Amino acid sequence: MKREGPMNGEKDALLQKYDLYGCFQCGKCTGGCPVSLKSDLNIRRLMIEVVLRDNLGPTFRGEEIWDCTTCKTCTLRCPRGLEPMDLLIGLRTLLVEEGHIPKTAIDALESAYKYGNPWNAAKNKRSDWAQELALKVLPQGDQSTNLYFVCCTAAYDTRLQNVARCLVQCLRQIEYDFATLGDEEICCGSEIRRMGEEGLFEMLREGNIESLKKYHIRSIVATSPHCYNTIKNDYAVDDLEVRHYTQVLAEAIGGKNPFSGEMKKIITYHDPCFLGKQNRIFDEPRHILKSIPGVTFVDFDRSRENSLCCEGGGGRMWVEASDQGPRLAETRIQDAVEMGVDILATACPFCLLTFEDAVKTTGNEERLRVMDITEILVEAFSE
Ligand code: SF4
Ligand code: SF4
């Protein structure tokens, strides 16, 4: 007898929404999945199990469903144009509705609900990172139609606060007028949505859109590819220009380069999934790095569309992976060390944190620095 549960009630909706009968089980999705070799997560199998199983619950309550980093490789590789990553997020949404969710993820979601950030940090400390910078702050009456959207991680994490400060320096160097929301900025909701908490994501989305309207914002520049992606693609606000900072800086450098100085280093660049694979911003970060006199730029073998995920997305900053294999960030660090580079550059708060941790766990602190592109620029033009 078919047992009805919240998940089973949704089966027809899943079949239709994700066009699951269109899947011909070629396996290209799983073949490209960066975690499938070390986790029980098998995205091809999930596609067919929703079709075949009567009782969905036990199939999808395994820990491995939280191993997905929402890198989107599976979706990009599907020859039928299906969206396996979105199915997985849809399944997480059902699990969240049932209350089947890892404890650490619950903490992050509760914090986002209570404080507007997933880091359990006080709302009135959100702009402490900028205390000495005399920024324009819209709620304090300052004016600008360009918003710098800082990101929870860049605002609160003491390591990432340096990236936010360096970005401010870079934006000032190119004479880009901007203001922030100060303590009124709230989480963009990118990771909240990808952990399956659609209702909370909507609440955050509405809160941010209300601020955009209140302060007549026409253009946004974001520190994080995750904020950039979600505001641009998930919010979909008419007449709003949303850019990642690498786009803004690359455009400025395309004219008369406003940055001077040099850096005699060998640098490689890691494409963050939410910038590269998901939004095809591949050239701008490379253009910035190559424009610095003295820099020798070398690419990873696995770069651009084939870049290896760092495992920081899809809520993985808060959820431990179920597998015990080497972390992909550690593989990336070993690759960089073998290439003989001095600096591994990236342009994403989560990539920076996962790589710096992996530099420590692989014992490569003396051999390799991990830096955000803004930090490299500031170091180069400060010398
Ligand atoms: S790549 Fe697409 S068609 Fe092939 S198994 Fe995966 S979801 Fe199905
Ligand atoms: S989004 Fe990435 S990690 Fe998740 S199933 Fe697809 S390929 Fe694997």
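GNM on the chain, C-alpha springs below 10 Å: top fluctuator among Gly207, Gly62, Gly315?
Gly62
Treating only the Cβ atoms of Lys and Arg (+1) and Asp and Glu (-1) as charged, compute the dipole magnitude of the range 103-250 about its Cα centre; round to the nearest 20 debye.
280 debye
At a Cα cut-off below 13 Å, give the aspartates and glutamates reachable from Lys125, other chains included and same-chain residues fewer than 8 away excluded.
Partners found: Asp157, Asp183, Glu184, Glu185.
Only Cα pairs under 8 Å and at least 6 apart count here; give the relative contact order of the range 198-302 as a rounded whole percent.
In percent, rounded to a whole number, it is 25.
Between Arg367 and Asp283, what is the FRET efficiency for a Förster distance of 35 Å, r being their Cβ-Cβ separation, to the nearest 0.05?
Plugging the Cβ-Cβ distance into 1/(1 + (r/R0)^6) gives 0.80.
In debye, nearest 20, what is the charge dipole magnitude of the range 6-98 about its Cα centre with +1 on Lys and Arg Cβ and -1 on Asp and Glu Cβ, if you could check?
That gives a dipole near 420 debye.
What 222 nm value per residue comes from the helices of the chain, counting each DSSP H run with n ≥ 4 as -39,500 (n - 2.57) and dividing by all residues, nearest 500 deg cm²/dmol?
One gets -12000 deg cm²/dmol as the mean residue ellipticity at 222 nm.
For Ala13, project a label point 7 Å along Cα to C-beta. Then give me every residue of the range 108-131 with its amide nitrogen under 11 Å of that point.
Counting backbone N atoms under 11 Å from the label point, the list is empty.
What shape does the range 6-98 take by its C-alpha gyration tensor, where a ≥ b ≥ c are the square roots of the eigenvalues and a/c under 1.5 counts as rounded, a/b above b/c as prolate, and the rest as oblate?
Here the range 6-98 falls in the oblate category.
Which of the listed residues, Tyr115, Ile65, Ala164, is farthest toward the dipole's positive end in the chain, when Lys, Arg count +1 and Asp, Glu count -1 at the beta-carbon?
Farthest along the dipole direction, towards plus: Ile65.
Shape call for the range 320-359 from the C-alpha gyration tensor, a ≥ b ≥ c root eigenvalues: rounded (a/c under 1.5), prolate (a/b greater than b/c) or oblate?
Oblate, because a/c is 1.5 or more while a/b does not exceed b/c.
By count of other Cβ within 10 Å, fewest leading, how are His287, His216, His226 ordered?
His216, His287, His226
For the range 152-229, rounded, prolate or oblate, judged on the Cα gyration tensor with a ≥ b ≥ c (square roots of eigenvalues), a/c < 1.5 rounded, else prolate if a/b > b/c?
Cα axes put the range 152-229 in the oblate bin.
For Asp239, put the label point 7 Å out on the Cα→Cβ axis and report which residues of the range 140-183 keep their amide N under 17 Å from it.
So the set is 144-147.
Looking at Ile48, Cys78, Ile101, which one has the Cα that reaches farthest to the positive end of the dipole of the range 36-111 (charges on Cβ: Lys, Arg +1; Asp, Glu -1)?
It is Cys78.
With an 8 Å cut-off on Cα pairs and a minimum separation of 6 or more residues, tell me the relative contact order of the range 1-148 in percent.
After rounding, I find 22 percent.
About its Cα centre, how strong a charge dipole does the chain have in debye, to the nearest 20, once Lys and Arg get +1 and Asp and Glu get -1 at the Cβ?
540 debye
All of the numbers you see were taken from the coordinates with simple rules; none came from a lab. What you are looking at is a predicted structure, and each value in this text was computed from that prediction instead of being measured. Neighbour counts are summed over all protein chains in view; Cβ atoms, including those assigned to glycine, are modelled from backbone coordinates with ideal geometry.
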